Amino acid sequence: MLSEKIRFGLIGCGAVAAKHIEAIGRLRNSTILAVADKDRCRVQEAANRVSADMYLDYRFILDRPDIDAVIIATPSGLHAKMTLESLDAGKHVLVEKPMAMTVEDADLMIEMSGSKKKALGVVYHNRFNQASQILKTAVESGKLGRLIWGSASVRWYRPQKYYSESGWRGTEAMDGGVLMNQAIHHIDLLLWLMGDVDQLSAFRATLGHDIEAEDTAVASLRFRSGALGSIDATTCAYPENLEETLTIIGTQGSVVMGGKKLDSFRFWNVPSVPMTPVLEDRPNWYGHYEVLRDFTESLLHGRAPSVDGTEGRKSLALVRWIYQQTPIMRFPRGGDSLCKPTN
Ligand SMILES: NC(=O)c1ccc[n+]([C@@H]2O[C@H](COP(=O)([O-])OP(=O)(O)OC[C@H]3O[C@@H](n4cnc5c(N)ncnc54)[C@H](O)[C@@H]3O)[C@@H](O)[C@H]2O)c1
């Protein structure tokens, strides 16, 4: 039986956990009772910040009957195991993206969420941006006509130290590359707006960093609807993030979404629908606030979260499909680095 407030446990107190903490602090109907991280400094800092109990071993959170739901914000390669353990312990789960590293694990998570009757939500906060919501409404209303083209471009920069200073980033087992870590947000939006893909061809390469996984990729897509499209993504856009753009073209109209947080329209031409001004450049926790608001309300009102396991699985499945089809091409060692690895 849920109380009026959802009582969360937070597992993983690194960079993204700060956004969950900010978000929950602003929600009247949720609170964090306990935090866990294997790093003593991080867990102590998070516990102090939210006045919660702290554990070095997350399994203590799972043993607590007063905790309704857990947020899993650990390295991606741990998501499946921790989610399955949490569901098995009777907790609802909100897991960071990607929900798992393999489709098989995602399927186990979805299955256990069903059998245990516990919610499984996945953090894809860009779906909650005002611009994304307006575009989704326009696509669903049919006002863009028949969809012809859908593409996502992610031209970002991550210095070598982003990878080197953490043991898991850029590894195939715990993170994946630019598709699995960064562009998966944009792939999620693309599939949400355009529907499933039924054919693809792709290249991926490690061109500017000393990492196992790809830092650059490009894919041509054919959607089941017959529309075509593409994904291009890199973390080599030295010296700074250049753009993240989603382009949707229909027989009656076209939209280009962009902005620093994919939260504004660079172009809008939809017949009989004037461009609505959108609130841009919200604080960096804002997307997580919307995800947590939706997740909390879904638990209190007994509905599924807007982005549940089945939705979260779609972008993971597309990335895995690209990974299975395409070996990683590597920049020859000893050559000039595009991304200045010592930065
Ligand atoms: N939705 C978003 O916008 C967004 C943004 C950043 C990261 N993420 C995702 O969030 C996850 C975490 O990313 P991050 O940038 O916060 O990473 P991070 O390395 O900063 O934090 C991960 C934390 O997990 C802890 N941890 C590792 N193993 C653990 C274990 N066995 N038990 C308890 N704690 C453990 C680490 O000590 C660390 O504090 C990743 O899956 C990433 O893809 C999502």
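Worth pointing out:
- Residue count for the range 212-230, restricted to those that are buried (at least 23 other Cβ atoms within 10 Å of the Cβ) and free of Cβ contacts under 8 Å to residues at least 60 places away in the same chain: 1.
- Pick from the range 231-261, criterion among the β-branched types (Val, Ile, Thr) and under 18 Å from the mean Cα position of the chain (by Cα), ranking: surrounded by the fewest Cβ atoms within 10 Å (Cβ to Cβ): Thr245
- Residue check, Leu33 buried (at least 17 other Cβ atoms within 10 Å of the Cβ), in contact with an Asp or Glu (Cβ under 8 Å, 6 or more places away or on another chain) and not aromatic (Phe, Trp, Tyr): yes
- Within the range 290-323, the only residue that satisfies the criterion of being touching a Gly at 6+ places or on another chain (Cβ under 7 Å) and of a type in the set (D, E, K, R) is Asp308.
- Of residues in the range 90-119 being hydrophobic (A, V, I, L, M, F, W, C) and more than 15 Å from the ligand (Cβ to nearest atom), the one surrounded by the most Cβ atoms within 10 Å (Cβ to Cβ): Ala119
- The residue that is farthest from the ligand (Cβ to nearest atom), among those in the range 26-42 that are more than 14 Å from Thr296 (Cα to Cα) and within 22 Å of the chain's Cα centre (by Cα), is Val35.
- A search for C-beta distances below 6 Å between a residue of the range 176-205 that is assigned to a loop (DSSP other than H, G, I, E, B) and any residue that is more than 16 Å from the ligand (Cβ to nearest atom) and charged (D, E, K, R), counting only pairs 6+ apart in sequence or on different chains, returns Gly195/Arg224; Asp196/Arg224.
Residues checked against (1) farther than 17 Å from Gly12 by Cβ; (2) within 12 Å of the ligand (Cβ to nearest atom); (3) among the charged types (D, E, K, R):
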{"residue": "Ile72", "(1), (2), (3)": "no, yes, no"}
{"residue": "His79", "(1), (2), (3)": "no, yes, no"}
{"residue": "Thr83", "(1), (2), (3)": "no, yes, no"}
{"residue": "Val123", "(1), (2), (3)": "no, yes, no"}
{"residue": "Asn126", "(1), (2), (3)": "yes, yes, no"}
{"residue": "Lys143", "(1), (2), (3)": "yes, no, yes"}
{"residue": "Ser153", "(1), (2), (3)": "yes, no, no"}
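- The range 116-137, residues that are polar (S, T, N, Q) and either within 22 Å of Pro274 (Cβ to Cβ) or free of Cβ contacts under 8 Å to residues at least 12 places away in the same chain (or both): Asn129, Gln130, Ser132, Gln133, Thr137
- Filtering the range 296-315 to residues that are touching a residue at least 60 places away in the same chain (Cβ under 8 Å) and of a type in the set (Gly, Ala, Ser) leaves Ser298, Ala304, Ser306, Gly309, Gly312, Ser315.
- Restricting the range 11-25 to residues that are of a type in the set (Gly, Ala, Ser) and either touching a helix residue (DSSP H, G or I) at 6+ places or on another chain (Cβ under 9 Å) or touching a residue at least 12 places away in the same chain (Cβ under 8 Å) (or both), the residue that is farthest from the ligand (Cβ to nearest atom): Gly25
- Residue identified as within 16 Å of the ligand (Cβ to nearest atom), surrounded by 14 or more Cβ atoms within 10 Å (Cβ to Cβ) and without any contact (Cβ under 8 Å) to a residue 24 or more places away in the chain among Arg282, Arg293: Arg282
- Residues located in the range 206-244, provided they are acidic (Asp, Glu) and not in a strand (DSSP E or B): Asp210, Glu212, Glu214, Asp215, Glu240
- Among (1) in contact with a strand residue (DSSP E or B) (Cβ under 8 Å, 6 or more places away or on another chain); (2) within 12 Å of Gly9 (Cβ to Cβ) - the single one Asp63 does not satisfy: (1)
- Considering residues of the range 155-179 that are surrounded by fewer than 24 Cβ atoms within 10 Å (Cβ to Cβ), within 21 Å of Thr102 (Cβ to Cβ) and of a type in the set (A, V, I, L, M, F, W, C) only, the residue farthest from the ligand (Cβ to nearest atom): Ala173
- Search result, residues across the range 128-139 that are assigned to a helix (DSSP H, G or I), buried (at least 21 other Cβ atoms within 10 Å of the Cβ) and within 16 Å of the ligand (Cβ to nearest atom): Ser132
Rule-based calculations on the coordinates, nothing more; no lab input. Just so we're clear, the structure is a prediction, and the values are computed from it rather than from any experiment. Methodologically, a virtual Cβ is constructed for each residue, glycine included, from the backbone with ideal geometry; neighbour enumeration extends over all protein chains shown.
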